[in-house]
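Read through the structure below, which is laid out as structure tokens, and then see the notes.
The values are calculated or read from the model by the stated rules, or taken from the named source; none is laboratory data. Just so it is clear, the structure is predicted and the values come from calculations on it, not from any experiment. Here the Cβ is made from the backbone with ideal geometry for all residues, glycine too, and neighbour counts use every protein chain on show.
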Amino acid sequence: MLEETQTTTTPVPADPTSTIDLTGMINSTMSQVEKLKIEAGKLKEMLDDIFQNDPTYQAHDKAVKEASKIRGNTKKQILKMPQAADLSNKILELRAQIKERNQELSDYLQDYARTTGTNSFETEDGTVRQIIYTARLVKVGQ
């Protein structure tokens, strides 16, 4: 039996001052994230240089790359076998179906939350699950 839990979300009226404050916080946080990414990139570059200059690491890295290449070639040969190829294709199909169903579920949950005004859902087995949204910014036109 599907039931709704009485947790409601009340929309906040659009206050120009709070919108400006929120816009400022979004821009500030985006700037901080970009600065942290740049700093992390520089530190990673320094660490990579340390690894590149260590002869023991380089020898082990070369051995790992060769072993990985051999393993990859073996995997390709095994995947040419009819049984393995069939299983691999079935897995790919199932993953595509899972992705589609998850998108459908997301759409249904958005509709449910909008129409009921709740942000939780009780499943058939009585488990209450919260409906969450993840927002992110992407450049327009990409």
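Starting from residues that are among the hydroxyl-bearing types (Ser, Thr, Tyr) and in a loop (DSSP other than H, G, I, E, B), keep the ones in region 115-142 and report whichever is modelled with the highest pLDDT.
Out of the qualifying residues, it is 127.
Being in a helix (DSSP H, G or I) and either modelled with pLDDT under 95 or touching a strand residue (DSSP E or B) at 6+ places or on another chain (Cβ under 7 Å) (or both), is that true of even one residue in region 60-70?
No: region 60-70 contains no residue that is in a helix (DSSP H, G or I) and either modelled with pLDDT under 95 or touching a strand residue (DSSP E or B) at 6+ places or on another chain (Cβ under 7 Å) (or both).
Hey, among 90, 76, which residue is among the basic types (Lys, Arg) and loosely packed, with under 10 Cβ neighbours inside 10 Å?
Residue meeting the stated conditions: 76.
I'd like to know if region 111-133 contains one or more residues that are among the charged types (D, E, K, R), loosely packed, with under 10 Cβ neighbours inside 10 Å and in contact (Cβ under 8 Å) with a residue 12 or more places away in the chain.
Yes; the residues of region 111-133 include at least one that is among the charged types (D, E, K, R), loosely packed, with under 10 Cβ neighbours inside 10 Å and in contact (Cβ under 8 Å) with a residue 12 or more places away in the chain.
Could you tell me whether region 79-92 includes any residue that is within 30 Å of residue 132 (Cβ to Cβ) and part of a helix (DSSP H, G or I)?
Yes, that holds for at least one residue.
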